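The values are calculated or read from the model by the stated rules, or taken from the named source; none is laboratory data. The shown structure was predicted, so the numbers you read here are calculated from the model rather than taken from an experiment. All Cβ positions, glycine included, derive from the backbone under ideal geometry; neighbour counts span all protein chains shown.
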């Protein structure tokens, strides 16, 4: 027998239907139905009635995240991008709270990805930016060529982001790419922290993960980079994914699960290869990580059959470099290509502050 519903539950479900109706009607009217109040009111009534009936059978514990939609219903100015962000967050929250308890770690990782994305979207740099940031916006929008080492992978991703069907300028969409990549970084931080803090007490892992994600997400430098076009946030993604793959490789090796260890090693090789084509600063990290691999599994060097997958993955990660000679025919000369891709013109900058006054 279905439990009796209290008047409070009925009222709450009615409010959920109402907020969905108001939310959808506002988004639609701001985009397509400006100046048609009668039709907008009719649309609101239909949406509200339909969703009230649909959610009538669900308890409030499963539908309360939809109350977030009130944020945009009462927002003072038209901001479809904000409305979409709020709607997306509400839907993801609904999915998360309805996942089985066994999926709690994934739930926390998804929350670590979605919540910062909303924060960064609301604080996104509004337009074209100065200096290198503006250069990356321009190069991404036009499929041009940035200063050495060219950042081909970032340029391609930035250009793809300009195709997003959002009411934003190309520059704003490329800024949004940084927000998405920063949120992905935080999701990976959550997964890594959970993996490192697996204990019998799940609360300890939740606390450690929450502290790690919040500390990085709200740090001044990371937040500033997460809302504007730049090449530092992609570097953070590659570094974090490389760490996660290595820790999973370590665990698989300890459990003598060689096939799994090799898959994680291939992911590490692909990640680090893509990272190095993006920014050579990761080379220092790659050296230490390579030593870590040999420390975890010294027998790897004695098993050439296990080299194939990581080597192929590493070669695959070099493919973005092909963009450079396609974007600038002068880089088809091997010497010019190497000088540009390696950023040799900046080689004196590394020890700049070590130079005697």
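Values as computed for the structure displayed
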item	result
Options 14, 21; residue that is modelled with pLDDT of 80 or more, out of contact with any strand residue (DSSP E or B) (no Cβ under 8 Å at 6 or more places or on another chain) and surrounded by 12 or more Cβ atoms within 10 Å (Cβ to Cβ)	21
Residue satisfying condition, being surrounded by 11 or more Cβ atoms within 10 Å (Cβ to Cβ), assigned to a loop (DSSP other than H, G, I, E, B) and modelled with pLDDT under 90, within set 301, 280	280
Residue match in region 212-230 (condition: within 22 Å of the chain's Cα centre (by Cα), outside the structural domain of residue 307 (by TED's automatic domain parsing) and over 30 Å from residue 130 (Cα atoms))	yes
Test for residue 164: is it assigned to a loop (DSSP other than H, G, I, E, B), within 17 Å of the chain's Cα centre (by Cα) and modelled with pLDDT of 80 or more	yes
Out of 105, 116, 126, 76, sole residue that is modelled with pLDDT of 80 or more and in contact with a helix residue (DSSP H, G or I) (Cβ under 6 Å, 6 or more places away or on another chain)	116
Among (1) part of a helix (DSSP H, G or I); (2) touching a helix residue (DSSP H, G or I) at 6+ places or on another chain (Cβ under 9 Å); (3) under 27 Å from residue 125 (Cα atoms) - the single one residue 230 does not satisfy	(1)
Index of the failed condition, residue 246 passing every other in (1) crowded, with 23+ Cβ neighbours inside 10 Å; (2) assigned to a helix (DSSP H, G or I)	(1)
Count - residues of region 283-298 that are out of contact with any helix residue (DSSP H, G or I) (no Cβ under 8 Å at 6 or more places or on another chain) and at pLDDT 90 or above	6
Residue match in region 345-355 (condition: surrounded by 14 or more Cβ atoms within 10 Å (Cβ to Cβ) and at pLDDT below 85)	no
Residue count, region 306-329 (criterion: assigned to a helix (DSSP H, G or I) and under 24 Å from the mean Cα position of the chain (by Cα))	7
Residue within region 137-146 that is modelled with pLDDT of 85 or more, at positive phi and not in a helix (DSSP H, G or I) present	yes
From the options 52, 42, residue that is modelled with pLDDT under 85 and either touching a strand residue (DSSP E or B) at 6+ places or on another chain (Cβ under 7 Å) or surrounded by fewer than 17 Cβ atoms within 10 Å (Cβ to Cβ) (or both)	42
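For every residue, the table says whether it meets (1) under 22 Å from residue 149 (Cβ atoms); (2) touching a strand residue (DSSP E or B) at 6+ places or on another chain (Cβ under 8 Å); (3) surrounded by fewer than 18 Cβ atoms within 10 Å (Cβ to Cβ).
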residue: 209; (1), (2), (3): no, no, no
residue: 213; (1), (2), (3): no, no, no
residue: 231; (1), (2), (3): yes, no, no
residue: 235; (1), (2), (3): yes, no, no
residue: 238; (1), (2), (3): yes, no, no
residue: 256; (1), (2), (3): no, no, yes
